[in-house]
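Undergrad: This is the structure, below, for whatever I ask next.
Where a number appears in this text, it was derived from the coordinates with a stated rule and is not lab data. From a predicted model like this one, the values you see are computed outputs, not experimental measurements. Quick reminder, even Gly has a Cβ in these numbers, built from the backbone with ideal geometry, and neighbours come from all protein chains shown.
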Amino acid sequence: MRDAIIRYGLLAVLVICAVAFPKVFTNPAVTNYGVFAMIYVTVASAWNLFSGNSGYIMLGQAVFYGSGAYALGLMASGWNVTGTMVFALLPLVGLIGAGIALVFGLIALHVRRHTFIVITIAVFFIFQTMAFNFGFTHGTQGLNSPFLNWPESGYNTPFYYIALAFAIGTIAIAWLIRRSRFGLQLRAIRDDEDRARGLGVKAFRVKIAALVISGVITSMIGGIWFYYLNQVQPQTGFDPLFDLTIVLMAFLGGYGTIAGPVLGALIVEPGTTWLNIQVSNGYVSEIILGGVFLVVILLMPRGIIPTAGERIRKLRTRGRPAVITAVSVPARGDAPPQPPEPPGSEKVGAAQ
Amino acid sequence: MARELYQAIVDGILVGGVYALMAVGLTLIFGVLDIINIAQGVLVILGAYLSYTLFTDLHIDLFIGLLITVPAMFILGVVIHAAFIRWLRDTERTAMTLLVTYAVALIIEGALYWKYGANPVQVNTPYDSPSESVRVFGFYIQDLYIYGFILAVALVVAIYALLFRTRFGRAVRATMLDESSARLVGIEVNRVAALTFGIGVAVTAAGGMLYGATNAFNANSGYDLISRLLAIVILGGLGSIGGALAAAVFMITLESVVTIWQPNWAILVFYVALILVLLLRPQGMLGRKAVRSA
């Protein structure tokens, strides 16, 4: 009970901080950080929705992101949509993202492990090649967004709130999925797909559904990113570094947890943006990104949230018999998914 | 037209031999360590830059330079394995190793940008001039392609001999089949893994030299290479050496033929073939059985 109060209190404080952020820091250079941080919180959480829960590591999340950006740009220019009306196109962008995710899943989800990862890389490069070579995507020039006549000083703030809304929405979806039978089925697939299948989980359908949800969110936030920057090129919309950065965020914070990708995004995105401003050479941030990644995986393979959670639990239970610890863990409800629910539990078995 | 086609096929086979060499390294590493080395592409570029530096600064012949670069890359491979890969033992190992090698690739790529800048370079070899070419069946082929092909075939044969004619090779194949059983019969799996990783990386020195002598490259070319190599090893069946050889020659030839009509879209041949094969035959063209039965 006390834990729950503390947890919801902390959550409320965090939300208030996030909402108040652009009121406190009005400098556009600072709010720019905020917009990007929220965009990446959304993408990392969306990535985690599918990959973190199902265990299928997606190294082509930029397929959705870039497609969303291009879809918004093409629709806006094709139908002469301008100003704030452009945001009304976002549901259509999401629909396109869903279509891409569906086809992607139908092709790639037949294979597992390494092969799946390689397929996601291949699909990613197919999309990049298409963006470079199709006539309507304008090759290396890319697309420009319609003009948005918002005042220069307050330009970032509305984008910040839109991205924040997406971030909160994605986290809420992640939370709902975690508590649902659907989430349990996904995690059963991650632990042992064959056994989950044997227990009646419609694995293929469940995986595709998760991928589609992830794709819809990512393509929509990709459209917002495009409208915020006013431009997209094949190498920025479909960026291999983007794919890796998202995965780094999730692994840094805690792969498969809800708070992990959020924390990871809040650390990595402002960090890399700041670094890119400090050192104008892209390669330095590339080396640092790779180095941080190596350190994280070697020293903290499970990420900050699960590792810290374990530490805190150890501290709180210090001096008490080990048996009590083992009993008190499940009672805490939102504990990290270690040990995972055995796929043979009743809920999964009933999911037919 | 027909002439262009034949030329494309000949080129494809010759270049395919070089890709086969790089792909064998990748598939060997997969077979023994159960990881995909994403850094293979950028390691090829590193090999290319090493040969480039030896040639332009020290005027060492490309093929003689391999005596330096191959051992250097072997040591680098062993070091990467010892420093990062050996420690990964977890349920999420598949993902972890991919990400670790991806991170290693990023660091090497960044370091190459730092040292050499972003402008593409090409090794201007004496083998490269138009006068240095031979006429085979009415086609002019540059010496470099011939020598390169011979070198690639020789190295692939050497790896094959190493795997199938030596005690170490038997240990490697045993580890590929079943790691814990190999451990039980007294094979030092860790050492086998380290040496295999070293060999898999060492071939990129030779592959990189040939790549750098026939293509303009910069640090970014690693992405293009790794995506091709991944398509090749998956097509051939992960862990299958024969499959990697066949897929490399087949895919590069196909790409070279498609380039005649559609230079911009030719790269898609790889991915489309990859997706088609996986839909029809998820274990790849030759699957993993090729290694076991051989």
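Undergrad: Cα axis of helix A:181-191 to longest principal axis of chain A: angle in degrees, 0 to 90, nearest 10?
TA: Rounded to the nearest ten degrees, it is 80.
Undergrad: While we're on this one: In whole Hz, what ³J(HN,Hα) sequence does segment B:215-223 give by Karplus (6.51, -1.76, 1.60; θ = phi - 60°), x for Gly and Pro?
TA: 9, 7, 9, 9, 4, 6, 5, x, 5
Undergrad: Between B:Val189 and A:Arg112, how high is the FRET efficiency from 1/(1 + (r/R0)^6) when r is the Cβ-Cβ distance and R₀ = 25 Å? Nearest 0.05.
TA: Working: r = 24 Å, r/R0 = 0.96.
Using R0 = 25 Å, I get an efficiency of 0.55.
Undergrad: Based only on the alpha carbon positions, what is the Kirkwood hydrodynamic radius of segment A:2-350, in angstrom?
TA: Values: mean 1/r = 0.0472 Å⁻¹.
After inverting the mean inverse Cα-Cα distance, the result is 21.2 Å.
Undergrad: What size of dipole, in debye to the nearest 20, comes out for segment A:103-203 about its Cα centre when the only charges are +1 on Lys and Arg C-beta atoms and -1 on Asp and Glu C-beta atoms?
TA: Working: 10 positive and 5 negative charges, 118 e Å.
Approximately 560 debye in magnitude.
Undergrad: Continuing with this model, one more query. If I model a spin label as a point 7 Å beyond the Cα along the Cα-Cβ vector, how far apart are those points for A:Val81 and B:Val79 in nm?
TA: Simple spin-label model gives 5.3 nm for this pair.
Undergrad: Which ³J(HN,Hα) values, rounded to whole Hz and listed in residue order, are derived for segment A:119-130 from phi using the Karplus coefficients 6.51, -1.76 and 1.60 in 6.51 cos²θ - 1.76 cosθ + 1.60 with θ = phi - 60°, glycine and proline given as x?
TA: Calculated HN-Hα couplings, in order: 4, 5, 5, 4, 4, 4, 5, 4, 5, 4, 4, 4 Hz.
Undergrad: Another question, then. Which residue fluctuates the most in chain B, going by a Gaussian network model with Cα springs under 10 Å, if the choices are B:Gln40, B:Gln122, B:Gln262?
TA: The residue that fluctuates most here is B:Gln262.
Undergrad: What order do you get for B:Ser180, A:Ser214, A:Ser145 when you list them from fewest to most C-beta neighbours inside 10 Å? Numbers along the way, then the final one.
TA: Numbers: B:Ser180 8, A:Ser214 29, A:Ser145 20.
Listed from fewest to most nearby Cβ atoms, that is B:Ser180, A:Ser145, A:Ser214.
Undergrad: How much length, in nm to one decimal, is gained on full extension between A:Arg7 and A:Arg311, taken as 0.36 nm per residue of separation minus their Cα-Cα distance? Write down the numbers at each step before the final one.
TA: Details: separation 304, 0.36 × 304 = 109.44 nm, distance 1.73 nm.
Gain on extension, A:Arg7 to A:Arg311, equals 107.7 nm.
Undergrad: Quote the relative contact order of segment B:2-293 in percent (integer), defining contacts as alpha-carbon pairs under 8 Å separated by 6+ residues. Spell out each step's value before the answer.
TA: Numbers: 452 pairs, mean separation 110.0, N = 292.
Relative CO of segment B:2-293 lands at 38 percent.
Undergrad: Calculated from DSSP H runs of 4 or more alone, at -39500 (n - 2.57) each and per residue, what is the 222 nm mean residue ellipticity of chain B, nearest 500?
TA: Details: 12 runs with 215 residues, N = 294.
For chain B, the value works out to -24500 deg cm²/dmol.
Undergrad: Where Rh is the Kirkwood radius over the Cα pairs of segment B:2-293, the temperature 20 °C and the viscosity 1.002 mPa s, what D in µm²/s does Stokes-Einstein return? Present the calculation step by step, with values, prior to reporting the outcome.
TA: On the way: Rh = 19.4 Å.
In µm²/s, the coefficient is 111.
Undergrad: Can you sort B:Tyr147, B:Tyr19, B:Tyr52 from fewest to most other Cβ atoms within 10 Å of each residue's own Cβ? Show your work: numbers first, answer last.
TA: Working: B:Tyr147 17, B:Tyr19 27, B:Tyr52 22.
By the 10 Å Cβ count, ascending, the order reads B:Tyr147, B:Tyr52, B:Tyr19.
Undergrad: Could I ask something else about it? Only residues of segment B:31-66 count here: report those whose backbone N is under 14 Å from the spot 7 Å along Cα→Cβ of B:Ala154, or say none.
TA: Hits in segment B:31-66 for B:Ala154 at 14 Å: B:62-66.
Undergrad: If you take every residue apart from B:Phe164 with its C-beta less than 9 Å away from the C-beta of B:Phe164, what net charge results, scoring Lys and Arg +1 and Asp and Glu -1? Don't skip to the end; give the middle numbers.
TA: Numbers: positive: B:Arg165, B:Arg170, B:Arg173; negative: none.
Here the count lands on +3.
Undergrad: A further question on this structure: Counting Lys and Arg as +1 and Asp and Glu as -1, each charge on the Cβ, what is the dipole of the protein assembly as shown about the Cα centre in debye, to the nearest 20?
TA: Working: 41 positive and 30 negative charges, 524 e Å.
Computed about the Cα centre, the dipole is about 2520 debye.
Undergrad: I'd like the Kirkwood hydrodynamic radius of segment A:28-88, using the inverse of the mean 1/r over distinct C-alpha pairs, in Å.
TA: Numbers: mean 1/r = 0.0729 Å⁻¹.
Hydrodynamic radius (Kirkwood, Cα only) of segment A:28-88 equals 13.7 Å.
Undergrad: Along the Cα-to-C-beta direction of A:Arg197, a point sits 7 Å from the Cα; which residues of segment A:101-124 have their amide N less than 16 Å from that point?
TA: A:106-116
Undergrad: Once amide H atoms are built 1.01 Å from N in the peptide plane, which residues 5 or more positions from A:Gln231, or in another chain, come under 5 Å H to H?
TA: Residues meeting the amide H criterion: A:Ser145.
Undergrad: Evaluate E = 1/(1 + (r/R0)^6) for A:Ile173 and B:Leu279, where r is the Cβ-Cβ distance and R0 equals 35 Å; express this FRET efficiency to the nearest 0.05.
TA: Here the calculated transfer efficiency is 0.70.
Undergrad: Also, I was wondering about something else. Determine the sum of side-chain charges near A:Trp225: Lys and Arg each +1, Asp and Glu each -1, restricted to other residues whose C-beta is under 14 angstrom from that of A:Trp225. Could you put the intermediate results ahead of the total?
TA: Values: positive: none; negative: A:Asp239, A:Glu269.
Spelling it out: positives minus negatives among the neighbours equals -2.
Undergrad: Using amide H atoms built 1.01 Å from N in the peptide plane, name the residues 5+ places from B:Ile60, or on other chains, whose amide H lies under 5 Å from its own.
TA: B:Phe55
Undergrad: May I ask you to sort A:Thr218, A:Thr170, A:Thr115 by Cβ crowding, counting other Cβ atoms within 10 Å and putting the fewest first? If you can, show how the numbers build up before the last one.
TA: Numbers: A:Thr218 33, A:Thr170 27, A:Thr115 20.
Placing the least packed residue first, the sequence is A:Thr115, A:Thr170, A:Thr218.
Undergrad: Over all alpha-carbon pairs of the protein assembly as shown, lay out the pair-distance distribution in 10 Å bins, whole %, shortest bin first.
TA: Histogram of Cα-Cα distances, whole percents per bin: 3, 15, 25, 26, 18, 10, 3, 1, 0.
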